[in-house]
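Colleague: Quick one: the structure is below, and I'll ask about it shortly.
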Amino acid sequence: MVQEYGLFIGGKWKKFEAKRFETRNPATGEVLATFPLATGDELNGAVRAAKGAFDKWRKMPPPRRGELLFEAARIFRRKKEDLGRIVTSEMGKVIAEGRGDVQEVIDFYEYAAGEGRRMFGETVPSELPNKMCLTVRMPVGPVGLITPWNFPMAIPGWKSGAALIAGCPFVLKPSSLTPLCAAKFVDVLDEAGFPPGVVNMVTGNGSVVGDGLVAHPDIRAISFTGGVETGKHVYESAAKKMIKVGLELGGKNPILALDDADMDLLMDGVMFGAFGTAGQRCTAASRLIVHQKIYEQVTDALVERAEKLHVGNPIEEDVDMGPVASLDQEKKVLEYIDIGKKEGDKLLTGGKKLKGGAYDKGFFIAPTVFAVDRKSRLAQEEIFGPVLSVLKAKNYEDAVAIANSVKYGLSSSIYTNDLRRAFRAMHDLEAGITYVNAPTIGAEVQLPFGGIKETGPTDTREAGPTALEEFTYWKTIYVDYSGRLQRAQIDTEKLSGG
Ligand code: TXE
C-alpha cells in the first residue's frame, strides 16, 4: 500500500485535508508515497512551532545540542542501507551513490556536533584599562531550508546540521520530487529526540510553500539550493526582509585536460565527474577542455568509455548510471540535445532517450558527448543531465579563458603533472572550488562549499567551519570591570591602568 504522509510540525506527523501529490521511482514509475500540498495556513503553523521552540533551543548549551546531532548520526549509520535504497528509489542515483548521500549526512552531523564544543568567538583587547571585549555567535532565529532533489538527504543534512548546532529551529521545504527522502530524514531526527518544534517539514509547491517561507516575517534566514532563476527570486524576496540568505545555484564546471595529463586517471575522473548521478550534480563536470595536442586521443577514449557504461535500474549493484530524476528533467535534457544538434555541435556518442524493455518505464538517456564550439549554448548553459561538452584549447591560457567564460563559478579541475601550471590554475580558475588531478565532484564536509558569479553570493559557504555563518550573527560584548565610567575615544589621555 502506498503510504500517505502528513506534515511534520511541532514534533508530530499531522494529517491535513489537503490536495496531495505522488512521488515516484524515476526508473520504474512505481508510486512510492503521497504528500500534502500544503497551503499558507499549514506553513504558518510550522513557522509558529519553530518560533515557539526557539527560546528553549537557543538556551540549550551547544555541546548538548551536539549530543543530539551525534545521536542522529548514530541512527543514520544504523539505517544507512535502508535509507540509501530509498534515495536510489526516489531520486534515481546508483545505489553506491545512494549510500553516499546518507554517509554525507552522517559525516556532516558528526562534524557539526563537534562544532558545538568549538563555535569560537574572539577576545579582543580594549583601549581602556580593566575592560575586555569579546565576540560570540548568536543564532538568528527560526530558519527556512529549501532543498532540491539531487542530494535528497545530503543537502537537508548539510543545511539542518548547521542550523541545529547554531541554535536555530527550522522548517524544511524539500523538493516535490523527493519528499519521501526528506520524510525519512525527519523521522531519524525525531527518533534522535530533538525537542518538539525544532524540526519541521512542510511539503508543497515552491510558489506557495517556498515563497511563503522566504517571505514569512518570523523566518530569519533562508538556505536555498536549486536553479538560478528560483534562487534570484528567493534572494530578492529575502532582501526585502534583510535576512541572511545562502544560495547555491549550480554550475557549468570545467575539467582542463592538459597535454601532459595521465590519460587513464583523466578518463576515470571524467567518467565519474560527467556521468555520476547522471550528470545531475551542481558540481558535475559538464565541460571537458582539452589541449589540442591530445584532443583526438581524448575524444576517442571518451566515446569508447561512454559507450561501455551500463545504464539501467540504479538499485542493481552493477549499473553505472540510472535515469534522470523526472519527466521534466528528461524533457530539458533532450531539448538541450536538440539545441546542440541544431546549433551544429558534433554529436560524438549518445544523444537519445533509451527505449525498449525496462527503459520504457523510466527516464533513461544515453551518456552523451558533444564536441562543441566555445560560444555554443551547450558550452555555456547548465544542462543538469548526462551530457558532456568537449572543447579544444590551444594552450593553458586558452583553456583557462574558456573555463572562465561562463556565468557560473562553482567547481573546476585541472589534470596535469606540471606543478607550475597546477599552481597557476588554482589561482586562475574562477570558481569556489578547484581540484587538481581529480574530477569536479567529491566535496568533503569539513571544507567550505560554494561558488562565485551566478552560482551564488560569496558571503556564505555551506559545510566546513563557515557553515555557521548562514545561521548566526556576531554579537560584540564589552565588559568593564574598572568600577567607574570609562569613555572610549574620550578618556584616552588620563589612562592610569589602576
Ligand atoms: O529547481 P527549483 P528544479 C537546477 C537544474 C535543474 C533546474 C530546475 O538545472 O534542471 O534547476 O530544477 C523550491 N520560492 N538545479 O525545478 O525550481 C522547489 O520546490 C522558493 C540545480 O527542481 O529551483 C525546490 O524545493 N522556493 C540545483 C527548490 O526550490 C521555491 C539542484 C529547488 O527548485 C520556489 C536542483 C519559489 N518561488 C536543480 N519555486 C543545484 N544547485 O545543484 C520552487 N522552489
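Colleague: Give me the residue from region 223-258 that is farther than 29 Å from MET271 by Cβ, touching a Phe, Trp or Tyr at 6+ places or on another chain (Cβ under 9 Å) and not in a helix (DSSP H, G or I) and, out of that set, farthest from the ligand (Cβ to nearest atom).
Modeller: Among those that are farther than 29 Å from MET271 by Cβ, touching a Phe, Trp or Tyr at 6+ places or on another chain (Cβ under 9 Å) and not in a helix (DSSP H, G or I), it is LYS244.
Colleague: Of everything in region 1-22, what is in contact with a Ser or Thr (Cβ under 8 Å, 6 or more places away or on another chain) and in a strand (DSSP E or B)? Give them in sequence order.
Modeller: GLN3, GLU4, LEU7, ARG20, PHE21, GLU22
Yes/no matrix, rows are residues, columns are (1) in contact with a Phe, Trp or Tyr (Cβ under 8 Å, 6 or more places away or on another chain); (2) modelled with pLDDT of 95 or more; (3) aliphatic (A, V, I, L, M):
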| site | (1), (2), (3) |
| --- | --- |
| GLU115 | no, yes, no |
| VAL140 | yes, yes, yes |
| PRO179 | yes, yes, no |
| VAL188 | yes, yes, yes |
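Colleague: From (1) surrounded by fewer than 19 Cβ atoms within 10 Å (Cβ to Cβ); (2) more than 22 Å from LEU177 (Cα to Cα); (3) more than 26 Å from the chain's Cα centre (by Cα); (4) more than 16 Å from the ligand (Cβ to nearest atom), pick out the condition that doesn't hold for GLY350.
Modeller: So the condition that GLY350 fails would be (1).
Colleague: Surrounded by 20 or more Cβ atoms within 10 Å (Cβ to Cβ), outside any helix (DSSP H, G or I) and not hydrophobic (A, V, I, L, M, F, W, C), is that true of GLY121?
Modeller: Against the criterion (surrounded by 20 or more Cβ atoms within 10 Å (Cβ to Cβ), outside any helix (DSSP H, G or I) and not hydrophobic (A, V, I, L, M, F, W, C)), GLY121 does not qualify.
Colleague: Could you grab me the full set of residues in region 1-29 that are surrounded by 15 or more Cβ atoms within 10 Å (Cβ to Cβ) and either modelled with pLDDT under 95 or under 24 Å from ALA358 (Cβ atoms) (or both)?
Modeller: Result: PHE16, ALA18, THR23, ARG24, ASN25, PRO26, ALA27, THR28.
Colleague: Test TYR435 against the stated conditions and say whether it is over 26 Å from SER160 (Cα atoms) and assigned to a strand (DSSP E or B).
Modeller: In short, yes.
Let's see how each residue does on (1) in contact (Cβ under 8 Å) with a residue 24 or more places away in the chain; (2) away from the ligand (no atom under 14 Å from the Cβ); (3) in a loop (DSSP other than H, G, I, E, B):
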position	(1), (2), (3)
MET271	yes, yes, no
THR283	yes, no, yes
GLN297	yes, yes, no
GLU304	no, yes, no
PRO314	yes, yes, yes
VAL319	yes, yes, yes
GLN329	yes, no, no
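Colleague: Would you point out which residue out of VAL209, VAL199, VAL171 is closer than 20 Å to VAL47 by Cα, more than 16 Å from the ligand (Cβ to nearest atom) and crowded, with 24+ Cβ neighbours inside 10 Å?
Modeller: Within the list VAL209, VAL199, VAL171, the selection yields VAL199.
The values are calculated or read from the model by the stated rules, or taken from the named source; none is laboratory data. Please read all numbers here as calculations on a predicted model, not as lab measurements. Heads up, the Cβs are rebuilt from the backbone with ideal geometry, glycines too, and the neighbour counts pull from every protein chain shown.
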